[in-house]
Amino acid sequence: MAIDPQLQSCVSCPRRCRVNRYKKIGFCGLGAEILISHIGLHHGEEPPISGSRGSGAIFFSGCNLRCIFCQNFQISQAFHRRNRQVGIQELMGEMLHLEEMGAHNINLVSPSHILPQLTAALSLAKSSGLTIPVVYNSNGYDSVTALKGMRGLVDIYLPDIKYLDNELGRRYSGVPNYGDIIPGVLAEMLAQVGMLQTDENGIARRGLLVRHLVLPGHLTNSQKCLRLLKDLSPDITLSIMSQYTPCHLTHDFPEINRPLNAAEYNEITDYALKLGLEHAFVQEMSSHGSMPDFDQRQPFADML
């Protein structure tokens, strides 16, 4: 394996661990390897991403956050028996195979901690004939410098905006500065790909789609996040998510150890409209409680 100097003193994400990932494990839980937890056609994303044939999802193991409410905790934080190691060539081959299967796009789920490897794999895939859009599906805690190195390789950015309150980030995701980082991340993503563009069938071809998961009892944080998006551009496309489900470690945090209620969600969707954020996807309240199970061959059986 060729040595990548970016992994010898890793600054792939804003934690800037500077760990030599050829010798040690980073905060993300990985060394220099690429670990995949699931690959397949995924029908559970927003309509412009999943479309009719599904999104070609590649779920990477590990994460640079420690969200206590993570629905994917089996692969983000407790993934040691649920993964497959691949090299750059094999990852490229999986991307091309997903295109052959009819995927609308290549959906890179939780990629922030493996950007050096992904840059190489995407460059190889595009030079080998990959033609469908590439989706960068992240938690939003990304390095702006690293993102600049992805210019021309990513067609659609699909980030979260979790918090603008740093204290919530510390308490619920183990990160000290999420609220400081996310504005620059979103600005860079928008500068690279612009507003969301879809084809005649409503399938995304290029652009930015931002997700926000409404947390129970923390509507002020949601309002701050929506104001940031409005200031970035009132024409931005966003997905306001109602699917929060108590899971993983929320039993130790009683203030969010309950589902979101309809009144809370409606307050935030109404606030978005009040701000003039009209390009918004909303969810049914019935969406909460539906959890993937990555111990199964098809983790999203209810979404087929």
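Read-outs throughout are calculated quantities, based only on the coordinates presented, and are distinct from any laboratory measurement. Quick caveat, the model's predicted, so the values are computed rather than measured. Note: ideal-geometry Cβ built from the backbone for every residue, glycine included; neighbour counts use all protein chains shown.
For this structure, a couple of remarks:
- Taking the three principal axes of the alpha carbon atoms in segment 17-64, the coordinate ranges are 43, 16, 10 Å, sorted in descending order.
- Of the trypsin sites (Lys or Arg not before Pro) in segment 222-304, those whose Cβ has at most 12 other Cβ within 10 Å and which sit in DSSP loop: Arg297
- Within straight-line cross-link reach of Lys126, aspartates and glutamates at Cα separation under 18 Å, skipping those fewer than 8 residues along the same chain: Glu90, Glu94, Glu99, Glu100, Asp155
- Note on the chain: GNM, Cα springs under 10 Å; of Ser286, Ser52, Ser123, the largest mean-square fluctuation is that of Ser286.
- Charge sum, other residues only, whose C-beta stays under 13 Å from Arg211's C-beta, Lys/Arg counted +1 and Asp/Glu -1: -2
- Protection proxy ranking of 115-122, 26-33, by the mean of other Cβ atoms within 10 Å over each peptide's residues and highest first, is 115-122, 26-33.
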